[in-house]
Amino acid sequence: MIAAILLAPLFALQSTGESAVAIKNDNPETWSVEYPRLIQPQVASYRRCLTVANRRIAGKADFESQHSGDLARCAALKAKAIAEANANLVGAKTTMAPEEVEQLFTNIGRIHVARGRDLDQQFTARLAGAAAASDAYEAGRPKGLVIELLDASVVKARTDASAAAAATAAAEKDKDKR
């Protein structure tokens, strides 16, 4: 009985017949970073070198160039990490050719630069959105100073009209009570 209650929602969800949805990637360029756990310290050291840097936010889209500069800054560490990784893999159960190790570290660098490029695209899109919103506001905004000036007679007429309506509503309410 309890099993039937627990499994009923599962069967109901399976019977709805949802199909898998394929999402087309706008940028089909992909890089693989699969590696044996044995060389994780070298990979982590190189990634740390790439990511630990001061970023300048100067109001322009230059994160890709900053991330590209990290590749040059960490070139010596990359060479050292590749040599250490190849040394660690000699005689190990999991093998990885030296060319594959080189490609692994190259892919990590490409991913790092692609993240900078993505930040630039986000920054540019937000600037474009802000500019479009500003233009829309400026187009719909009244030109000049618009102030509604009401003299005392207009205010009194509105007050009297609302007072009369309130008095009528109160009279009807009293009438309903009787």
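The values are calculated or read from the model by the stated rules, or taken from the named source; none is laboratory data. This structure is a prediction, so every number in the text was calculated from the model and none was measured. Positions of Cβ are generated from backbone atoms using ideal geometry, with glycine treated the same way; all protein chains shown enter the neighbour counts. Remember, those area values only see protein heavy atoms, side chains included, never the ligands or the DNA or RNA. Shrake-Rupley method; radii C 1.70, N 1.55, O 1.52, S 1.80 Å.
Answer yes or no: is there a residue in region 59-79 that is open to solvent by 70 Å² or more (accessible area, probe 1.4 Å) and at pLDDT below 90.
Looking for residues that are open to solvent by 70 Å² or more (accessible area, probe 1.4 Å) and at pLDDT below 90, one finds at least one in region 59-79, hence yes.
Inspect region 139-159 for any residue being surrounded by fewer than 10 Cβ atoms within 10 Å (Cβ to Cβ), part of a helix (DSSP H, G or I) and modelled with pLDDT of 80 or more and give the result as yes or no.
Within region 139-159, one or more residues are surrounded by fewer than 10 Cβ atoms within 10 Å (Cβ to Cβ), part of a helix (DSSP H, G or I) and modelled with pLDDT of 80 or more.
Mind checking whether some residue in region 5-25 is of a type in the set (Ser, Thr, Tyr), modelled with pLDDT of 50 or more and outside any helix (DSSP H, G or I)?
No, that holds for no residue.
Looking at region 83-129 only, could you name the residues that are farther than 18 Å from Ala44 by Cα, touching a residue at least 12 places away in the same chain (Cβ under 8 Å) and part of a loop (DSSP other than H, G, I, E, B)?
Passing the criteria: Ala92, Thr94.
Has region 98-108 got at least one residue that is farther than 30 Å from Arg37 by Cα, at pLDDT 90 or above and not aliphatic (A, V, I, L, M)?
no
Is it the case, given these coordinates, that Leu77 is within 22 Å of Phe123 (Cβ to Cβ) and touching a residue at least 12 places away in the same chain (Cβ under 8 Å)?
No: the conditions fail for Leu77.
Has region 37-53 got any residue that is without any contact (Cβ under 8 Å) to a residue 12 or more places away in the chain, outside any helix (DSSP H, G or I), small (Gly, Ala, Ser) and open to solvent by less than 80 Å² (accessible area, probe 1.4 Å)?
Scanning region 37-53 turns up no residue that is without any contact (Cβ under 8 Å) to a residue 12 or more places away in the chain, outside any helix (DSSP H, G or I), small (Gly, Ala, Ser) and open to solvent by less than 80 Å² (accessible area, probe 1.4 Å).
Could you list, in sequence order, the residues of region 87-120 that are open to solvent by less than 40 Å² (accessible area, probe 1.4 Å) and farther than 20 Å from Phe63 by Cα?
Result: Leu89, Ala92, Met96, Ala97, Val101, Leu104, Phe105.
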